[in-house]
Amino acid sequence: MKAVILLLLGLLSAGPLAAFDWPVKKAVLSATFGENRGDHFHAGIDLAGGEQEVLPIAAGEVVFSFEEGEDPLPMPVGLGNFLVLQHQGGVRSIYGHLQKGSMDRSARKLDGSKPLGRVGETGYSVGKHLHLAIIDSEMRSLINPLLVLPPLKDRQAPVIREILLRPGGELQPLKNGALVMPGIAELLATLYDLREDVPFAWRLAPYRVSLYQDGREIASLLMDGLHERPAKNGAPELVLLQGNRSFREVYDAEWLYKLGEVRLLPGQTTLSLIAEDYAGNESSRELVLQVAQ
Amino acid sequence: MRRKRSRRHLALGFVLGLLYLLVFPVLSGREGFFKPAWARAIPGAQPLAPAGGAGRVSWFKAGRWFGYVRADGRLLYTAETLHGVALSDSGFINFAKVAENFVFQDPAGRFQFGIHAFGYPVLDDRGGRLYSISTNLNQLSRLDREGELAWSGEFFSPITSLALHEEECLVGLLDGTVKLIDVQGKIIQEFVPQSSRIPVILATAFSPDGRKLAVVSGIDPQRLTLLQRRGGSFAAEQVLELDSDFRRGLALRFTADGRFLAFEAADGLSLLDLGKRGSKRLALPGRLLALDSTSSGLLAVGSRDGEGLRLELLRPLGSPLYARQMAAGELFLRFDGTSLLIGLPSILLRVDYQEG
């Protein structure tokens, strides 16, 4: 299965190919994978679009479900009413915030055409939406659903609002031609994606962010998936599949990304930042910096 | 011929003996019964009891309401649940649907501390340990009263079960693994119960003394695994294949005396005698709703019976001591010694077990 997923991810980066179907007929993307959720990554996608039926992304078998007020889970459940399906090859899909009473709790196998519930707002939810997460049990990772669902049309490129340098403790906004001190400094950027089908500036996390220095890629962020890594204290933490970066290594504030360190040598250096969304729209910003002697 | 006659005499003696026992039952001198102590309307119009002073205080739930009550029935505090409430002996956190702060209040409702937090709160029974579980169920964190993070563990697979005992957390995951986490957040043991066609953890429990663990796992087949503490870790000592096919979390609890393991079965409640390794099935008319026990071996079981509820009080190996149908839709059961608090929407009752 690992090979299959890797192949899929490889093919997807080359062109549109879908392994699964959208779980709703009207899919309005209201949150993307990897977004900042205060102290953790958003480990799935959110689909708004009003109250509608939720379909399995593929035929599958019910592994687990939860209905508020009915089931004895010994903890509060932010996903609200949710259902988990197992598909072929150890892939599992999770459907959260389902409407109360909309799940058929007696169902065991779903063929992909019969709804599994309705979009609701149970649990930690503001407004009706579906939270969809996809797990690859064999790779022991969460995969970005947008990489295995049919592509969504979008012509709106991500927005790069600001690029900042943190030479010491303080953030310093960068402008083209800025004079900076030599040394190693952390580079950050405020950026987000927008979508043309959302009539207001609803911010989403972009898919890929790449940082180049004098034409050479020095850092990148790719919201491809999350897997566990043992942290220093022995507790596991989730890190991005590519780059092994944890939440605290990616986010400084809500839309402020920690991109990586740059080595600033006396003279002139050019930094280029490229942000890309899931439809392939790109935004870029180039800064020529003067590094003091 | 002689042997045949002696067999007849034996059989006759056995039947006569049974008849004697039926006609002249032996009085044990320990006939148990439950006696109603008091009932309170919730939220109630009566003034709340002043904080402090003597007397035990117990927390309760009654439909959408919760609170603290003294043994004599005086209410110390009542409030309506915002979205959920984490209750403990030393206080509670009543949290909103989209919670950004945890506000801990004592049993009289007085503010103790407030912290900025993500997710939903979980308190241990005594209230001395505060955890936060992320809304996507992938993260469990331990926090102190200042909101400082003691530790945080993130899992690729959502948490489907959680059990707490003193400083240890037992986390069951959707992927079929169980992780035992220590006070520093370190995973001190990770294990996968015997394999099933579909791995998943459905329920986990600590015994009252923390020496045993129980895990219900898997689909096709579903299994119960009992583990015993040996040194710093746990080793499986019994695995039972169950006849259930749950695709959801289920009730799993050691009785307070540590003698039995009670868990939801396909058509009722199973009681596993941990000493004798035998089991008993208590048929229930519908879904199990509430379950609690005492250290003296009493068990209270609430289940849904059509549109109503059924409450049964029993000793695990004995016949029911008390059974009653009720019309309410929600049920809360909690023993305080041998007194049982029964929470129903808008009413709280206490019944006392007595022997005489």
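A few points about this structure:
- Those trypsin sites (Lys or Arg not before Pro) in the range B:307-341 that DSSP places in a loop and that have at most 15 other beta carbons within 10 Å: none
- Projected-area mean, the range B:121-203, by convex hull of Cα positions, square nanometres: 5.4 nm²
- In chain A, Rg over Rh equals 1.02, where Rg is the alpha-carbon radius of gyration and Rh the Kirkwood radius from pairwise Cα distances.
- Computed over the alpha carbons of the range A:107-149, Rg followed by Dmax gives 13.2, 34 Å.
- Cα-centre dipole for the range B:297-356 with unit charges at Cβ (Lys and Arg positive, Asp and Glu negative), debye to 20: 40 debye
- For chain B, radius of gyration divided by Kirkwood radius, i.e. Rg to Rh on alpha-carbons: 1.03
- Counting every other Cβ atom within 10 Å of each residue's Cβ, B:K179, A:K258, B:K97 order from fewest to most as B:K97, A:K258, B:K179.
- Relative contact order [Cα under 8 Å, 6+ residues apart], the range A:187-229, whole percent: 25 percent
- If only the Cβ of Lys and Arg carry +1 and only the Cβ of Asp and Glu carry -1, the dipole of the protein assembly as shown around its Cα centre is close to 3040 debye.
- Annotation for B:V183 and B:A150: the two label points, set 7 Å from Cα along the Cα-Cβ direction, are 0.8 nm apart.
- Chain A, helix-only ellipticity at 222 nm - DSSP H runs n ≥ 4, -39,500 (n - 2.57), divided by all residues, nearest 500: -1500 deg cm²/dmol
- Per DSSP, loop GluC sites (Glu not before Pro) in the range A:141-221 with at most 15 further Cβ within 10 Å: A:E170, A:E196
- Where N is the number of residues in the protein assembly as shown, Cα Rg divided by 2.2 N^0.38 Å: 1.13
- Farthest towards the positive end of the charge dipole of chain A, among the residues A:V250, A:S141, A:Q213, is the Cα of A:Q213, using unit charges on the Cβ of Lys, Arg, Asp and Glu.
- When the Gaussian network model of chain B links Cα atoms closer than 10 Å, the mean-square fluctuations of B:G84, B:G232, B:G337 top out at B:G232.
- Between the alpha-carbon centres of the range B:91-151 and the range A:189-265 there is a gap of 29 Å.
- Distance between modelled label sites at A:K100 and B:W38, nm, 7 Å Cα→Cβ extension: 3.2 nm
- Expressed in Å, the radius of gyration and Dmax of the Cα atoms of the range A:219-293 are 15.7, 44.
- Cβ-to-Cβ counts within 10 Å put B:F95, B:F118 in ascending order as B:F118, B:F95, the fewest first.
- Computed from the Cβ-Cβ distance with R0 of 35 Å, the FRET efficiency linking B:S195 to A:E51 stands at 0.30.
- Here the Debye sum runs over all C-alpha atoms of the range B:237-323 as equal scatterers in vacuum, and log10 of I(q)/I(0) at q = 0.11, 0.12 Å⁻¹ comes out as -0.28, -0.33.
- If only the Cβ of Lys and Arg carry +1 and only the Cβ of Asp and Glu carry -1, the dipole of chain A around its Cα centre is close to 200 debye.
- Ranked by how many other Cβ atoms sit within 10 Å of their own Cβ, fewest first, the residues A:T32, A:T270 fall in the order A:T270, A:T32.
- Residues of chain B were split at every exposed loop site, defined as GluC sites (Glu not before Pro) in a DSSP loop with at most 15 other C-beta atoms within 10 angstrom, and the longest piece left, sites excluded, is B:168-306.
- Leading residue at positive end of dipole, chain B (Cβ point charges), from B:Y68, B:C169, B:T225: B:T225
- Neighbour-limited loop hits for chymotrypsin sites (Phe, Trp or Tyr not before Pro), the range A:169-254 (at most 11 other Cβ within 10 Å; DSSP other than H, G, I, E, B): A:F200
- With R₀ set to 30 Å, the beta-carbon distance separating A:R216 from A:L179 gives a calculated FRET efficiency near 0.85.
- Value of relative contact order over chain A, rounded to a whole percent, pairs C-alpha under 8 Å and six or more apart: 18 percent
- Between helix B:2-23 and chain B: long-axis angle, C-alpha atoms, 0 to 90°, nearest 10: 50 degrees
- Largest-first principal axis extents, alpha carbons of the range B:209-356, Å: 45, 35, 26
- Just checking the listed ones, A:A18, A:A107, A:A59: in the Gaussian network model of chain A with Cα springs under 10 Å, the one fluctuating most is A:A107.
- P(r) tail fraction, the range B:168-277 - alpha-carbon pairs more than 24 Å apart, %: 18 percent
- Helix A:2-14 vs. chain A, principal-axis angle (Cα, 0 to 90°, nearest 10): 60 degrees
- Helix-only arithmetic for chain B: the sum of -39500 (n - 2.57) across DSSP H runs with n ≥ 4, divided by the residue total, places the mean residue ellipticity at 222 nm at -2000 deg cm²/dmol.
- Förster-model FRET efficiency, 30 Å R0, A:Q293 and A:E249, C-beta, rounded to 0.05: 0.40
- Calculated on the Cα set of the range A:2-147, radius of gyration then Dmax: 14.7, 46 Å.
- Springs between Cα atoms under 10 Å define the GNM used for chain B, and in it the highest mean-square fluctuation of B:T255, B:T135, B:T78 occurs at B:T135.
Read-outs throughout are calculated quantities, based only on the coordinates presented, and are distinct from any laboratory measurement. Just so we're clear, the structure is a prediction, and the values are computed from it rather than from any experiment. As a convention, Cβ positions derive from the backbone with ideal geometry for all residues, glycine included, and neighbour counts pool all protein chains shown.
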